[in-house]
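The values are calculated or read from the model by the stated rules, or taken from the named source; none is laboratory data. Source: prediction; values computed, not measured. Virtual Cβ from ideal backbone geometry, glycine too; neighbours counted across all protein chains shown. Keep in mind that these areas ignore ligands, DNA and RNA; they rest on the heavy atoms of the full protein, side chains included. Shrake-Rupley method; radii C 1.70, N 1.55, O 1.52, S 1.80 Å.
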Amino acid sequence: MEHVYCTVLSRQRLYQAIALISSMHENIGNFLLYTLCVDDNVFELLRKMKLKGVETVRADALILPRLSEFKDKYRLNEFCWMLKPVFLDHLFTVNPALERITYIDADLFFWSDPSVIFTAQPQSPVLLSGCEVKMPFYPRSLVARLQEMMGRYNSGFISFRNAPEGRLCLNWWKDRCLESCVDKPWDGECGDQKYLDEFPALFPGVSEIATPGVNIGHWNNAHCDFYLHKRRIYIGGSRLICYHFSGFRIVDKNTIVQVYESNRTDLPFFYRIYNHMLKESIDVVTKTDPGFDGFAIEDEV
């Protein structure tokens, strides 16, 4: 397969990953998703489930010396962020025939076929999804500060071609993340994400995704006009391709907390659909392994 997807997955994101995979089957059809499992029980569970289109990889299979030292050094979320470029580079190394790999966070959900993204910009060695903060009810100074902390791009959807420019950029990103991948946005460090701001100036051909409706999230959804037309979700005059449900914490089947939008009453209508999909994902996992616990731990809520 010339183009594949990949994600990094911990126990606390398994239920969202099952929803993501379901959305990929619905909208992409034939795909291959490489899943890096940082927890052994997630690896074993996915192997038992035998999900079509999903290839599981253990974290200790990575080409990365001192893996255990990095795991001890970082918090779980930081460790997973650090592994994004490491995993991408690993996949290109062991599968040199791959032409493109697109990394997607486990809390994304597809609403239509993303192939239009790559058809529109086939030669771009690196495709970045914009992360413009648009919060109309907040002071401009606060929005500007949030933009500065988060960076101009979101690392939840990022695509690399197996070309010299793409590999150089990826290796640079990997090196920076191995140096430091901490979540201290007030100090100018936002895990793996702030490094993306430097890509366009350092590497030729790096492009922002031109296709609308990609990787929308809590940081800009209040500015969007979502509507349903012929059973498809649109934003403006274009289809919504994928939405980033960042900040969801699944405490139990009936308690799903939204960390960043806890006080909002005007959430997009499709949040109800996503919540239903998460409950279905819990049921699917429970049928395979009744003892699996992928619920959020206390300090995550």
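When you check THR286 against the structure, is it assigned to a loop (DSSP other than H, G, I, E, B), out of contact with any strand residue (DSSP E or B) (no Cβ under 8 Å at 6 or more places or on another chain) and not hydrophobic (A, V, I, L, M, F, W, C), yes or no?
Against the criterion (assigned to a loop (DSSP other than H, G, I, E, B), out of contact with any strand residue (DSSP E or B) (no Cβ under 8 Å at 6 or more places or on another chain) and not hydrophobic (A, V, I, L, M, F, W, C)), THR286 does not qualify.
Taking only the range 231-253 into account, find how many residues are more than 20 Å from ALA106 (Cβ to Cβ), outside any strand (DSSP E or B) and either touching a residue at least 12 places away in the same chain (Cβ under 8 Å) or open to solvent by less than 60 Å² (accessible area, probe 1.4 Å) (or both).
Restricting attention to the range 231-253, the residues satisfying the condition of being more than 20 Å from ALA106 (Cβ to Cβ) are 231-239.
Right, trim to outside any strand (DSSP E or B) and you get 231, 236-237.
Next, only the ones that are either touching a residue at least 12 places away in the same chain (Cβ under 8 Å) or open to solvent by less than 60 Å² (accessible area, probe 1.4 Å) (or both) stay: 236.
Final tally of qualifying residues: 1.
Could you look through the range 23-50, keep only residues that are under 19 Å from the mean Cα position of the chain (by Cα) and aliphatic (A, V, I, L, M), and pick out the one that is farthest from ASP293 (Cα to Cα)?
It comes out as ILE28.
Has the range 184-203 got at least one residue that is among the aliphatic types (A, V, I, L, M), over 27 Å from VAL116 (Cα atoms), touching a strand residue (DSSP E or B) at 6+ places or on another chain (Cβ under 7 Å) and buried (at least 16 other Cβ atoms within 10 Å of the Cβ)? Steps first, answer last, please.
Here is the first cut: in the range 184-203, the ones among the aliphatic types (A, V, I, L, M) are 196, 201-202.
Keeping just the survivors that are over 27 Å from VAL116 (Cα atoms) gives none.
The answer is no, given that none of the residues of the range 184-203 is among the aliphatic types (A, V, I, L, M), over 27 Å from VAL116 (Cα atoms), touching a strand residue (DSSP E or B) at 6+ places or on another chain (Cβ under 7 Å) and buried (at least 16 other Cβ atoms within 10 Å of the Cβ).
Identify all residues within the range 221-230 that are touching a residue at least 12 places away in the same chain (Cβ under 8 Å) and either surrounded by fewer than 18 Cβ atoms within 10 Å (Cβ to Cβ) or touching a strand residue (DSSP E or B) at 6+ places or on another chain (Cβ under 7 Å) (or both); write none if there are none. So that I can check it myself, show each step before the final result.
Kept after step one, since they are touching a residue at least 12 places away in the same chain (Cβ under 8 Å), are these residues of the range 221-230: 221-224, 226, 228.
Within the range 221-230, ALA222, HIS223, CYS224, PHE226, LEU228 qualify.
Given the conditions (1) touching a Phe, Trp or Tyr at 6+ places or on another chain (Cβ under 9 Å); (2) farther than 21 Å from ASP192 by Cα; (3) open to solvent by less than 10 Å² (accessible area, probe 1.4 Å), which single one is not true for LYS134?
For LYS134, the exception is condition (3).
Within the range 194-206, can you find the residues that are on the phi < 0 side of the Ramachandran plot and part of a loop (DSSP other than H, G, I, E, B)?
First, pick out the residues of the range 194-206 that are on the phi < 0 side of the Ramachandran plot: 194-204, 206.
Passing the criteria: PHE203, PRO204.
Among the residues that make up the range 177-193, is at least one of them assigned to a helix (DSSP H, G or I), in contact (Cβ under 8 Å) with a residue 40 or more places away in the chain, in contact with a helix residue (DSSP H, G or I) (Cβ under 9 Å, 6 or more places away or on another chain) and under 19 Å from HIS3 (Cβ atoms)? Walk me through it before giving the result.
Pass one, the range 177-193, residues assigned to a helix (DSSP H, G or I): 177-179, 185-187.
So of that shortlist, the ones also in contact (Cβ under 8 Å) with a residue 40 or more places away in the chain come out as 177-178.
If we keep only those that are in contact with a helix residue (DSSP H, G or I) (Cβ under 9 Å, 6 or more places away or on another chain) as well, we get 177-178.
Filter once more, so that each one left must be under 19 Å from HIS3 (Cβ atoms): none.
No; the residues of the range 177-193 include none that is assigned to a helix (DSSP H, G or I), in contact (Cβ under 8 Å) with a residue 40 or more places away in the chain, in contact with a helix residue (DSSP H, G or I) (Cβ under 9 Å, 6 or more places away or on another chain) and under 19 Å from HIS3 (Cβ atoms).
Okay, residues lined up against (1) aliphatic (A, V, I, L, M); (2) modelled with pLDDT under 95; (3) under 14 Å from VAL4 (Cβ atoms):
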site	(1), (2), (3)
TYR34	no, no, yes
LEU51	yes, no, no
VAL94	yes, no, yes
TYR103	no, no, yes
ALA120	yes, no, no
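As an exercise: evaluate ARG66 against (1) surrounded by 15 or more Cβ atoms within 10 Å (Cβ to Cβ); (2) at positive phi and give the number of the one condition it does not meet.
(1)
Can you name every residue in the range 31-43 that is open to solvent by 20 Å² or more (accessible area, probe 1.4 Å) and touching a residue at least 24 places away in the same chain (Cβ under 8 Å)?
LEU32, TYR34, ASP39, ASN41
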